[in-house]
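K.L.:
Take a look at this one; I'll ask things after.
The values are calculated or read from the model by the stated rules, or taken from the named source; none is laboratory data. Computed from a predicted structure; not experimentally measured. Here Cβ is always computed from backbone atoms with ideal geometry, including for glycine, and neighbour counts include all displayed protein chains. All accessible areas refer to the heavy atoms of the entire protein, side chains included, with ligands and DNA or RNA removed. Shrake-Rupley method; radii C 1.70, N 1.55, O 1.52, S 1.80 Å.
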Amino acid sequence: MKKIALVIIALLLSIFNSQAQNRNQEEIRRQLAQAMVDLTNSLILAFEKSDNVEEFKKTITGCWYRAIPREGNDLLNTAYELLSNKTTKEEILKNYNGKEMALAVLYIDNLSNKEVKTDGSELFGGITGDFNSYSNLVLGQCRWYQMCCWLSKIFEGYSGTTLISSDTQAIKNISKKE
């Protein structure tokens, strides 16, 4: 009888642990929204020095500008729009659907799946280790362009390896939103 009770307790603990690890889509959307808050906050200085979105992107990416992939471009356009509209942290957390940040996460995750050693600067046209003139824009421990650092904050310890499959599916669902 003791063995059965121990097996049941172990089984219940296992179930509760797996449920705690499987975040739902809304939890991930909120994490992506928080990442957008952090990214926009880290880019305020560059925004204040720019007159339009293209100047903003050129200011922060420098020589990387011409190589920005669509995912990075869309993410920077959204950050610029949020800054232009003076969108508050609370509004971003409540209303941002997470699409551009989700696409950025999937872009970096895809690089990791291909075993590309990356800090995430490729999302903005750079190559890991390249100099960036705005590398002094640091929020917490992450430079503005170090998406892998941001991912480790969003997804608790992500280290450039593939995302948990349940998180990946939720992120894919978010990235398809209109």
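K.L.:
What pairs come up if the first residue lies in the stretch 42-63 and is touching a residue at least 40 places away in the same chain (Cβ under 8 Å) and open to solvent by less than 50 Å² (accessible area, probe 1.4 Å), the second is in a helix (DSSP H, G or I) and among the polar types (S, T, N, Q), and their beta carbons are under 6 Å apart, counting only those six or more places apart or on different chains?
P.N.:
A46/T59
K.L.:
Looking at A33, is it in a helix (DSSP H, G or I), of a type in the set (G, A, S) and at pLDDT 90 or above? Walk me through how you get there before you give the answer.
P.N.:
Working: in a helix (DSSP H, G or I): yes; of a type in the set (G, A, S): yes; at pLDDT 90 or above: yes.
Against the criterion (in a helix (DSSP H, G or I), of a type in the set (G, A, S) and at pLDDT 90 or above), A33 qualifies.
K.L.:
Output the residue which, of all residues in the stretch 76-102 that are of a type in the set (S, T, N, Q) and within 17 Å of the chain's Cα centre (by Cα), is most open to solvent (accessible area, probe 1.4 Å).
P.N.:
The extreme case among them is N95.
The rows are residues; the columns are (1) within 21 Å of T87 (Cβ to Cβ); (2) of a type outside the set (V, I, T); (3) at pLDDT below 85; (4) part of a helix (DSSP H, G or I).
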residue	(1), (2), (3), (4)
A20	no, yes, yes, yes
E26	yes, yes, no, yes
V37	yes, no, no, yes
D51	yes, yes, no, no
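K.L.:
Also, I was wondering about something else. Going by the conditions given, is G62 of a type in the set (G, A, S) and on the phi > 0 side of the Ramachandran plot?
P.N.:
Considered against the rule, which asks whether it is of a type in the set (G, A, S) and on the phi > 0 side of the Ramachandran plot, G62 comes out as yes.
K.L.:
Quick one: is V7 at pLDDT 85 or above, of a type in the set (A, V, I, L, M) and either open to solvent by 80 Å² or more (accessible area, probe 1.4 Å) or under 17 Å from G125 (Cα atoms) (or both)?
P.N.:
no
K.L.:
Would you confirm whether any residue within the stretch 110-122 is at pLDDT 80 or above, assigned to a helix (DSSP H, G or I), under 20 Å from N52 (Cα atoms) and touching an Asp or Glu at 6+ places or on another chain (Cβ under 8 Å)?
P.N.:
no
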